[in-house]
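Since the structure comes first, as structure tokens, the remarks are kept for the end.
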Amino acid sequence: MLLVKNTEARIHTIKAALPDTLDKTTGGPKAANILLHPGVNKAPEHWDLAKTHPATQALIDAGVFVEIETQVNPAKKGAESARGLMGVSPKEAIKVVNDTLQASLLHEWLASETREGVIKAMMAQLDKIDPRKDTGKK
């Protein structure tokens, strides 16, 4: 699974021109809006198209967007690929978990995770980002 880390503390909205589509209003190709939240995101559906745009490529070159591959050893032909973060070492998985701010993504990974240290990191991160525990400035 490919992940994209947004290293800035803001949401980025980028567009991807969809090939073989036509927008009746503008006459140009239809575009897909892609949102990248701060921290780690699943690579959006049209990421391969979006990252070829010069503006997006400039953000990649500047280190604002960083691609993270979680399938270090691709599955052999016919074998099932690893789910969640199971394709990377526990140390790398914990690093990715600590950079993830989306509870839904952490819960998705938690469902397939079996390594105790990674599960503990996920639970700690979920606890850390829980909005019910935000007491504001002290």
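The values are calculated or read from the model by the stated rules, or taken from the named source; none is laboratory data. This one's a predicted model, so the numbers in the text were calculated from it and none came from an experiment. All Cβ positions, even for glycine, are placed from backbone atoms using ideal geometry, and neighbour counts span all protein chains on display. The accessibility values were calculated without ligands, DNA or RNA, using every heavy atom of the protein model including side chains. Shrake-Rupley method; radii C 1.70, N 1.55, O 1.52, S 1.80 Å.
Details
- Along the axis of the charge dipole computed for the chain (Cβ charges of +1 for Lys and Arg, -1 for Asp and Glu, origin at the Cα centre), the listed residues M123, V88, L59 are led at the positive end by M123.
- Acute angle (nearest 10 degrees) that the helix 103-112 long axis makes with the longest principal axis of the chain, alpha-carbon atoms: 60 degrees
- Taking other residues whose beta carbon is less than 10 angstrom from the beta carbon of G84, and scoring Lys, Arg as +1 and Asp, Glu as -1, yields -1.
- Point-to-point label distance, D48-K91, nm (Cα→Cβ direction, 7 Å offset): 3.2 nm
- Rounded percent of accessible protein surface that carbon and sulfur make up, the chain, 1.4 Å probe: 55 percent
- Net dipole in debye of the chain [+1 Lys, Arg Cβ; -1 Asp, Glu Cβ; about Cα centre; nearest 20]: 320 debye
- Working note: 222 nm ellipticity from helices only, DSSP H runs with n ≥ 4, each -39,500 (n - 2.57), summed and divided by the residues of the chain, gives -9000 deg cm²/dmol to the nearest 500.
- Applying 0.36 nm per residue to the separation of I129 and I11 and subtracting their alpha-carbon distance, the gain on full extension is 40.8 nm.
- Per residue, in Å², the accessible surface of the chain once ligands and nucleic acids are set aside, probe 1.4 Å: 65 Å²
- Area accessible to solvent at T26, 1.4 Å probe radius, in Å²: 100 Å²
- Estimated translational D of the chain in µm²/s (Stokes, Kirkwood radius over Cα pairs; 10 °C; 1.306 mPa s): 95 µm²/s
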